[in-house]
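No lab work stands behind these numbers, since they all come straight from the coordinates. Computed from a prediction, not measured in an experiment: that's the story for all the values here. Cβ atoms come from the backbone with ideal geometry, glycine included; neighbour counts cover every protein chain shown.
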Amino acid sequence: MQTPPELDVSETLAGRQEMTSGGAGVAYSKGRKGQTLIIAVRCQGEGKIKVAVRSVQVSFSQPCAADESSTIFNEVALTGADRDGVASVEAPSAVRWSMTIGHGAPVQVEPPGES
């Protein structure tokens with residue numbers, strides 16, 4: 001739980017927050033046009049954290065457990081990921097969390113029924 005999540009080698013680091021309790025804002029740098037925005041959050045402690053990136057109209061919540069660390073990766077392809085921004089985190093003081101924000105190539109999704 002001591003370190004923020006790591007990105008894949010093909011992804012570019014845009015922002016990082018070391019272990020924190022309570023709420024905070026995490027600034028990130030812009031990516032190239034057409035890249036996705038990747039938000040990886042690791043948390044531990046009883047409660048739920050809420051993440052909002054208002055500049056690209058994305059938000060999500062993540063439950064956290066008292067006895068184990070959990071990590072979730074969110075990747076979004078949307079207009080505006082090529083601009084600087086801030087991810088705002090709301091968390092109870094009992095929850096410790098860290099975050100890594102990056103940019104990467106869009107994930108190729110196969111149409112249903114194809115493999």
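Can you tell me the relative contact order of the chain? Whole percent, Cα pairs under 8 Å, sequence separation 6 or more.
Details: 298 pairs, mean separation 48.6, N = 115.
The normalised contact order for the chain reaches 42 percent.
What residues qualify as long-range amide H neighbours of residue 58, i.e. H under 5 Å apart, gap of 5 or more or another chain, H built at 1.01 Å from N?
Close amide H contacts, sequence-distant or interchain: 53.
Enumerate the amide H contacts of residue 16 below 5 Å, restricted to partners 5 or more residues apart or on another chain; note that Pro and chain-start residues carry no placed amide H.
101
Distance between Cα centroids, segment 37-111 to segment 5-26: provide it in whole Å.
One Cα centre to the other: 9 Å.
For the chain, modelled as a GNM with alpha-carbon contacts under 10 angstrom, which of 58, 76, 86 fluctuates the most?
58
For residue 62, what is the net charge nearby, where nearby means another residue's Cβ is under 10 Å from its Cβ and Lys, Arg count +1, Asp, Glu -1?
Working: positive: 42, 48, 50; negative: none.
Net of charged neighbours comes to +3.
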